[in-house]
C-alpha cells in the first residue's frame, strides 16, 4: 500500500507549495539601467571646455617660403580668436585649407562679383560656420559673441588680397581683427 501512496499524482496545492518554495530560494533579478542624460551633460561640458582650450592656444606657425610673417614691437594680450592664415598659395581657416591662391591672389571665379568683387565666397561659408559655433558657445556661457579673428598673413601678400579677406570676415560678423606678427626687438 505504501507504493500506491507514492504513485498518486500531486495535488494542485502541493504543486503550488513546491513552486513557492523554489521561488523563495531564488531572488528576483532586479533590473538596472544606465541613465545617460547626466553623461551627455558631462560630455557637452567637456566639449565646450576643450574647444575653448584650443581657442586660447597661442598661434603655432611654421614659416616657409610661402609664409613669412612681419615683425612688430607692440605688446598685446591675446584673446580667443578664429585663426585665418593667408600664405602666397592658400587661405586656411583653423588649419583647414579653404581655397588656393595664385601668387597671393584670389581667383576671380571664387569671388562674388568676379574680378572686381571683394567677397570671397568659400571663405565666407567657412567663416559663417565658425561664427555659428562661436555664437552657440557664447550663448551657452551667457556671454555676448565678440567675433575675434586673428589674421596670419605673409608680409608679401598683395594689399588687394588682404582687403578681400578683411571684407569677407567682416561680412561673417567677425568685427574684431588682430594681425599676428613676430615679436621684434
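The values are calculated or read from the model by the stated rules, or taken from the named source; none is laboratory data. For clarity, every value in this text was computed on a predicted model and none was experimentally measured. Methodologically, a virtual Cβ is constructed for each residue, glycine included, from the backbone with ideal geometry; neighbour enumeration extends over all protein chains shown.
The condition of being closer than 25 Å to residue 44 by Cβ, in contact with a helix residue (DSSP H, G or I) (Cβ under 8 Å, 6 or more places away or on another chain) and either free of Cβ contacts under 8 Å to residues at least 60 places away in the same chain or exposed (fewer than 13 other Cβ atoms within 10 Å of the Cβ) (or both) holds for only one of 79, 96, that being 96. Considering the conditions (1) at pLDDT 90 or above; (2) exposed (fewer than 14 other Cβ atoms within 10 Å of the Cβ), residue 182 is excluded by exactly one of them, (1).
Out of contact with any helix residue (DSSP H, G or I) (no Cβ under 7 Å at 6 or more places or on another chain), surrounded by 14 or more Cβ atoms within 10 Å (Cβ to Cβ) and either modelled with pLDDT of 85 or more or within 19 Å of residue 52 (Cα to Cα) (or both): which single residue out of 90, 172 fits that description? It would help to see each step written out before you state the result.
Values: 172 fails: out of contact with any helix residue (DSSP H, G or I) (no Cβ under 7 Å at 6 or more places or on another chain).
Just one listed residue meets the conditions, 90.
Where helices (runs of 4 or more DSSP H) sit wholly within region 1-68, those with at least 2 residues that are modelled with pLDDT of 70 or more and over 30 Å from residue 95 (Cα atoms) occupy 12-25, 37-56. Within region 127-146, the set of residues being surrounded by 13 or more Cβ atoms within 10 Å (Cβ to Cβ) and outside any helix (DSSP H, G or I) comprises 145, 146.
I'd like to know if region 147-161 contains one or more residues that are part of a helix (DSSP H, G or I) and surrounded by 13 or more Cβ atoms within 10 Å (Cβ to Cβ). Yes, the conditions are met somewhere in region 147-161. Picking from residues in region 147-170 that are under 16 Å from residue 127 (Cβ atoms) and without any contact (Cβ under 8 Å) to a residue 60 or more places away in the chain, the one that is nearest to the chain's Cα centre (by Cα) is 147. Within region 111-123, if we keep just the residues that are touching a strand residue (DSSP E or B) at 6+ places or on another chain (Cβ under 8 Å) and assigned to a helix (DSSP H, G or I), the residue that is surrounded by the most Cβ atoms within 10 Å (Cβ to Cβ) turns out to be 123.
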